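> Here it is, the structure in full.
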Protein chains: 2
Amino acid sequence: MTSKNILFIMCDQLRFDYLGCYGHPHIRTPHIDALSKRGVRFDRAYVQSPVCGPSRISFYTGRYVRSHGATWNTVPLRVGEVTIGDHLNPLGMRTVLCGKSHVVADVAGMARLGIDPHSAAGQRIGQGGFEVWDRHDGVHPARGKKKPSHYNQYLNANGYPGSDPWEHWANAVQGDDGEALSGWSMRHLDKPARVKAEHSETAYMTDRAIEFMTSAGPTPWCLHLSYIKPHWPYVVPAPYHAMYGPDDVLPVNRHAQELDNTHPVLAAFQAQRFSREFSRPDVRERVIPAYMGLITQIDDHIGRLMAWLDASGHAENTLIVFTADHGDYLGDHWLGEKDLFHEASVKVPLIVVDPSRQADVSRGTVCHALVQAIDVLPTFVEVAGGVVPPHILEGQSLLPFLHQTSAPTQRPYVVSEYDYAYREARHLLGQTVRDARLQMIFDGTHKLINAPGYRPMLYDLQADPHELQDLGDLPGSQPAIARLLQHLTDWSLCHHAQITHSEAQVNAIAGSEEAAGIYIGYWDARADG
Amino acid sequence: MTSKNILFIMCDQLRFDYLGCYGHPHIRTPHIDALSKRGVRFDRAYVQSPVCGPSRISFYTGRYVRSHGATWNTVPLRVGEVTIGDHLNPLGMRTVLCGKSHVVADVAGMARLGIDPHSAAGQRIGQGGFEVWDRHDGVHPARGKKKPSHYNQYLNANGYPGSDPWEHWANAVQGDDGEALSGWSMRHLDKPARVKAEHSETAYMTDRAIEFMTSAGPTPWCLHLSYIKPHWPYVVPAPYHAMYGPDDVLPVNRHAQELDNTHPVLAAFQAQRFSREFSRPDVRERVIPAYMGLITQIDDHIGRLMAWLDASGHAENTLIVFTADHGDYLGDHWLGEKDLFHEASVKVPLIVVDPSRQADVSRGTVCHALVQAIDVLPTFVEVAGGVVPPHILEGQSLLPFLHQTSAPTQRPYVVSEYDYAYREARHLLGQTVRDARLQMIFDGTHKLINAPGYRPMLYDLQADPHELQDLGDLPGSQPAIARLLQHLTDWSLCHHAQITHSEAQVNAIAGSEEAAGIYIGYWDARADG
């Protein structure tokens, strides 16, 4: 049978190489590894922007950042963009959010169109096409403007008092004398969270997802189970806090030459505080074991989820996607956080499990094709029985890689974008808001980063898989630079905003003056034209 | 005093050089010429697409075609695009349509958002932000799907019977024996229309505009008086049908070398029927005098309008813009219609009359700056007392050219686009829908046309002002091609869809982690960072 439901699991800030099945020698992720044996593991999957908001909105719209326009966190998703709900709901599939989405409602746009943001339609639009089962973006509720999530109520009900239990219990650690210490201070990450593991966010969201699936009834659904971990604060509950030590950490991937004749944009990011801190061995040795503990904790809950799916029979008819919104530098390339386009940041794990018989041919294999975040929603449209509208969805379904019924179309390149207008790096560079833009294009061999006002960066991933040498200023790089810039230009100059006419509509109109609504005079009789 | 109202006059398919003030040696356009003496005449004004629909929508949104997405006639204007009404209505100014707009409602988009297209909001959105006083797109009502306009009722009431008087009277000519002949056949254009001049479309729309202004009351308005002439069918009533003869026609601007080693896209357009017909001297000599008669008729009504404005006192507080949506090849370059980017097609007349004292300094002058259709709406926003939001409006106000209070920002280039997926030329070329795109960039010297799948076209307007030699395949052109392609890439890679955060919002968020809603951990105490 073909899949009826979709379980779309996303982790936040999970590096592709911090999973056993992606080659990490020490981390224990047996359940995610098992998932990869049930399906196809993509080892060259790229996100459309190495930062939460834009990356997620590309997943949820199937469109490049330049197309959906939400270029950074907090940028409202413009009303009128076609969302996951717009694609799947008309096919009879509910689209349900359990966890983080980072979507910000375009309240001004709704006002322009006379849409009440509190109406049912307004709520759906403002949530990017999701029906909210439980939303928890991990935004500090006391400082941010979001309403406290159900998770805060849950913590209160489970013995964690106070008005902001997320901050004071889930994001705090237990000092040696029982005192609370802020989890935002990475020094404290050798200590356990003040919540028990079973009350942590990862456990809670898994519970909530199972609750949804249990109660969902016969209507097909696409459930977006969206963990806010292993994103920082890297606070991790016992026993996971003590599971890994400095010896389990991957060696830092960096070279002294990356600090020499450095591209100005890279240098500006290296100069930011989080990069300076993650460049210290003591910081890495304290933080990364906690990061790894968070991942193994997620893995345990994936195991619980899979056991539930198997036991309930859902596994037979549920397509599962496991991925992340971006990676984490963790000190590689003298950087912390994400933001730029080295593999640690822009490449993500992507595992797709299709229980249908057509996918047996690919089960347990690794796919080396270049794929992108925007390919996920077209996959869902196909699973839901729809036809992908390529004038709206800019990715391509991944099912041909799984079913191998025909040779899948290979993407000649992947593109990712970053708007650094919002970051300190812009001020360090004295760059304008308008030109604080980066675009990456990677053709499987060379990766070019276009940076207005500066020379491009260039990495040759065949000769230099660890991306330690920026070739952008070498005369010998000109042919590769020219080739990639040409691809980037071609990509950019395509239609990205013409979403109201399908190719079939274009063809219908192109063949008929009547349909085109234009009439042109003639000299000779029409018939002999 | 500053202007309170705006009269935004557009002609359809009016070539810039078929006006006296733009140098035509024979045509009589004294009232438009007088308008240019009252204001500033721009002699390098370009439209964002040389075809009605996309060009108009760029005027009405202040955005490039790649941004608004309505890439050709009949492509619905996607719901959520910010329109002229969205900009001016909140400033207390009505936006009123009298004539043609070519806007097609995005009914599917409205359905996605739960907007009833018949509601007041739905009507406004579907009309591209205009309140309809009288809409008449000139689309054949019997064949097209539009409701008959008020103009049909008007014709019936004035002695032109039948269910389709537009077709059978306004678009038909009177044969020598009083019989009706179709005006779509250009052979007949030496004969007068079957309607009297005072009942023609141009007269009717002028009447309707005066009716609106008379009844409008004190609320400021922007009235879009949008004539469907001199667009074809070039049927013209007496006495204008006999006003001009073959000797009044401008010499055809073409050269035999334009048929030799011709760029494939240009050759495909030259092969279309209208181009072949307009390449015949007999066709030009029959059609262009009628075209000129239509223009002089418009001019007479502009005179009537100006007399009314003067007499009623409106002239003192009404900013007037006179322009066109694109030109007409009329046989130049072996082409008919518009569609491509020679000056005859992509350059338009643009006259701006600002009655305010600040504009006295520029009155009667000619401005040679490069300006664009998207500059018109920012001008209106300034006139209405608003502040131009550059993340939405991609043009720049023209007022600095009129007021000369500070040095106006010079546009380094203008860009125009064309989607030929809908045209026969695509079939002749065997081009895909996706790649049937052209982009023009003109920096005031060189004009480059980028054509996916083909070499670019290039014209040097300093050495070759008549654009008779395409330099695109000459080795010596490489520096100019590279320079313009770089500009085109830069332009294309700018944000075009990020319309929900202003620069001020970006800056407010960039300076505050709290506003950004992101929290990042630290090692050392925050204060010493």
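The values are calculated or read from the model by the stated rules, or taken from the named source; none is laboratory data. All values reported here derive from a predicted model rather than from experimental measurement. Cβ placement follows ideal geometry from the backbone for every residue including glycine, while neighbour counts extend to all protein chains displayed. Surface accessibility is based on the protein's heavy atoms, side chains included, excluding ligands, DNA and RNA. Shrake-Rupley method; radii C 1.70, N 1.55, O 1.52, S 1.80 Å.
> Which condition number does B:Arg28 fail, the rest of (1) among the charged types (D, E, K, R); (2) part of a loop (DSSP other than H, G, I, E, B); (3) open to solvent by less than 10 Å² (accessible area, probe 1.4 Å) being met?
It is condition (3) that B:Arg28 fails.
> Could you go through the range B:197-215 and let me know if any residue there is in a loop (DSSP other than H, G, I, E, B) and over 21 Å from B:Asp12 (Cα atoms).
Checking the range B:197-215: not a single residue is in a loop (DSSP other than H, G, I, E, B) and over 21 Å from B:Asp12 (Cα atoms).
> Here's another thing I want to ask about it. Having 3 or more residues that are within 30 Å of B:His495 (Cα to Cα) is the bar; report the helices (runs of 4 or more DSSP H) wholly within the range B:61-179 that clear it.
Here the list reads B:65-68, B:84-88, B:107-112, B:120-126.
> Given B:Leu429, B:Leu468, which one is within 14 Å of chain A (Cβ to nearest Cβ) and modelled with pLDDT of 95 or more?
When all the criteria are applied, what remains is B:Leu429.
> Just one of B:Gly138, B:Gly128, B:Gly175, B:Gly144 is more than 24 Å from B:Pro233 (Cα to Cα) and either open to solvent by less than 10 Å² (accessible area, probe 1.4 Å) or at pLDDT below 90 (or both); which is it?
B:Gly128
> Now for a separate question. Is it the case that some residue within the range A:403-421 is closer than 30 Å to B:Ser512 by Cα and over 19 Å from the mean Cα position of the chain (by Cα)?
yes
> Name the residue that is farthest from the other protein chains (Cβ to nearest Cβ), counting only residues in the range B:239-273 that are without any contact (Cβ under 8 Å) to a residue 60 or more places away in the chain, aliphatic (A, V, I, L, M) and surrounded by fewer than 16 Cβ atoms within 10 Å (Cβ to Cβ).
B:Ala256
> Shifting gears a bit: Can you tell me which residue among B:Ala111, B:Ala105, B:Ala120, B:Ala70 is more than 7 Å from chain A (Cβ to nearest Cβ), closer than 30 Å to A:Phe130 by Cβ and crowded, with 24+ Cβ neighbours inside 10 Å? Show your work before the answer.
Values: B:Ala111 fails: crowded, with 24+ Cβ neighbours inside 10 Å; B:Ala105 fails: crowded, with 24+ Cβ neighbours inside 10 Å; B:Ala120 fails: crowded, with 24+ Cβ neighbours inside 10 Å.
Of the residues listed, the single one that is more than 7 Å from chain A (Cβ to nearest Cβ), closer than 30 Å to A:Phe130 by Cβ and crowded, with 24+ Cβ neighbours inside 10 Å is B:Ala70.
> Would you mind stating whether A:Leu428 is open to solvent by less than 40 Å² (accessible area, probe 1.4 Å) and either within 18 Å of A:Gln48 (Cα to Cα) or part of a helix (DSSP H, G or I) (or both)?
No.
> Say we look at the range B:220-251 and pick out the residues that are small (Gly, Ala, Ser) and outside any loop (DSSP other than H, G, I, E, B); which of these is farthest from B:Tyr204 (Cα to Cα)?
Checking each candidate, the answer is B:Ala242.
> Sticking with this structure for a sec: Mind listing whichever residues of the range B:455-474 are open to solvent by 30 Å² or more (accessible area, probe 1.4 Å) and touching a residue at least 40 places away in the same chain (Cβ under 8 Å)?
Correct list: B:Arg455, B:His466, B:Leu468, B:Gln469, B:Asp470, B:Asp473.
> Restricting attention to the range B:73-99, report how many residues are over 18 Å from B:Gly122 (Cα atoms), more than 10 Å from chain A (Cβ to nearest Cβ) and touching a Cys at 6+ places or on another chain (Cβ under 8 Å).
Residues in the range B:73-99 being over 18 Å from B:Gly122 (Cα atoms), more than 10 Å from chain A (Cβ to nearest Cβ) and touching a Cys at 6+ places or on another chain (Cβ under 8 Å): 1 in total.
> Return yes or no: is B:Arg357 in contact with a helix residue (DSSP H, G or I) (Cβ under 6 Å, 6 or more places away or on another chain), over 22 Å from B:Gly395 (Cα atoms) and open to solvent by 10 Å² or more (accessible area, probe 1.4 Å)?
Numbers: in contact with a helix residue (DSSP H, G or I) (Cβ under 6 Å, 6 or more places away or on another chain): no; over 22 Å from B:Gly395 (Cα atoms): yes; open to solvent by 10 Å² or more (accessible area, probe 1.4 Å): yes.
So B:Arg357 does not fit the description; no.
> Between residues in the range B:162-178 that are in contact (Cβ under 8 Å) with a residue 12 or more places away in the chain and over 13 Å from B:His188 (Cα atoms) and residues that are surrounded by fewer than 12 Cβ atoms within 10 Å (Cβ to Cβ) and of a type outside the set (Phe, Trp, Tyr), which pairs lie under 8 Å by C-beta distance while being six or more apart or on different chains?
Matching pairs, first to second residue: B:Ser163/B:Ala142; B:Asp164/B:Ala142; B:Glu167/B:Ala142.
> How many residues are more than 11 Å from chain B (Cβ to nearest Cβ) and not in a helix (DSSP H, G or I) when one looks only at the range A:395-425?
Counting residues in the range A:395-425 that are more than 11 Å from chain B (Cβ to nearest Cβ) and not in a helix (DSSP H, G or I) gives 17.
> Those residues that are small (Gly, Ala, Ser) and either in contact with an Asp or Glu (Cβ under 9 Å, 6 or more places away or on another chain) or assigned to a helix (DSSP H, G or I) (or both), I need them from the range B:357-368; list them, please.
Of everything in the range B:357-368, those that are small (Gly, Ala, Ser) and either in contact with an Asp or Glu (Cβ under 9 Å, 6 or more places away or on another chain) or assigned to a helix (DSSP H, G or I) (or both) turn out to be B:Ala359, B:Ser362.
> For the range A:479-500, how many residues meet the condition of being within 12 Å of chain B (Cβ to nearest Cβ) and either of a type in the set (Ser, Thr, Tyr) or more than 28 Å from the chain's Cα centre (by Cα) (or both)?
Adding up the residues that qualify gives 4.
> If you take the residues in the range A:434-450 that are open to solvent by 20 Å² or more (accessible area, probe 1.4 Å) and within 14 Å of chain B (Cβ to nearest Cβ), which one is nearest to A:Gln469 (Cα to Cα)?
A:Asn450
> Another question, then. For the range B:261-350, list the helices (runs of 4 or more DSSP H) that sit wholly inside it and hold at least 2 residues that are of a type in the set (Val, Ile, Thr) and under 20 Å from B:Leu19 (Cα atoms); which are they?
B:281-312
> Looking only at residues in the range B:188-220 that are among the acidic types (Asp, Glu) and open to solvent by 30 Å² or more (accessible area, probe 1.4 Å), which one is farthest from B:His301 (Cα to Cα)? Show your work before the answer.
Pass one, the range B:188-220, residues among the acidic types (Asp, Glu): B:190, B:198, B:201, B:207, B:211.
Pick out the ones that are also open to solvent by 30 Å² or more (accessible area, probe 1.4 Å) and you get B:190, B:198, B:207, B:211.
Details: B:Asp190: 22, B:Glu198: 10, B:Asp207: 9, B:Glu211: 14 Å.
Applying the filter and picking the extreme gives B:Asp190.
> What about A:Phe278, is it within 30 Å of A:Thr95 (Cα to Cα) and open to solvent by less than 10 Å² (accessible area, probe 1.4 Å)?
no
> Being within 11 Å of chain B (Cβ to nearest Cβ) and either within 17 Å of the chain's Cα centre (by Cα) or open to solvent by less than 10 Å² (accessible area, probe 1.4 Å) (or both) narrows it down to one of A:Val47, A:Val51, so name that one.
None of the other options fit; the residue is A:Val51.
> Could you check the range B:322-342 and list, in sequence order, the residues that are more than 26 Å from B:Asn450 (Cα to Cα) and surrounded by fewer than 24 Cβ atoms within 10 Å (Cβ to Cβ)?
Applying the first criterion (more than 26 Å from B:Asn450 (Cα to Cα)) to the range B:322-342 yields B:322-323.
Scanning the range B:322-342 gives a single hit, B:Thr323.
> Scan the range B:7-16 and give yes if some residue there is part of a helix (DSSP H, G or I) and either at positive phi or open to solvent by less than 20 Å² (accessible area, probe 1.4 Å) (or both), otherwise no.
So far as the range B:7-16 goes, no, none of its residues is part of a helix (DSSP H, G or I) and either at positive phi or open to solvent by less than 20 Å² (accessible area, probe 1.4 Å) (or both).
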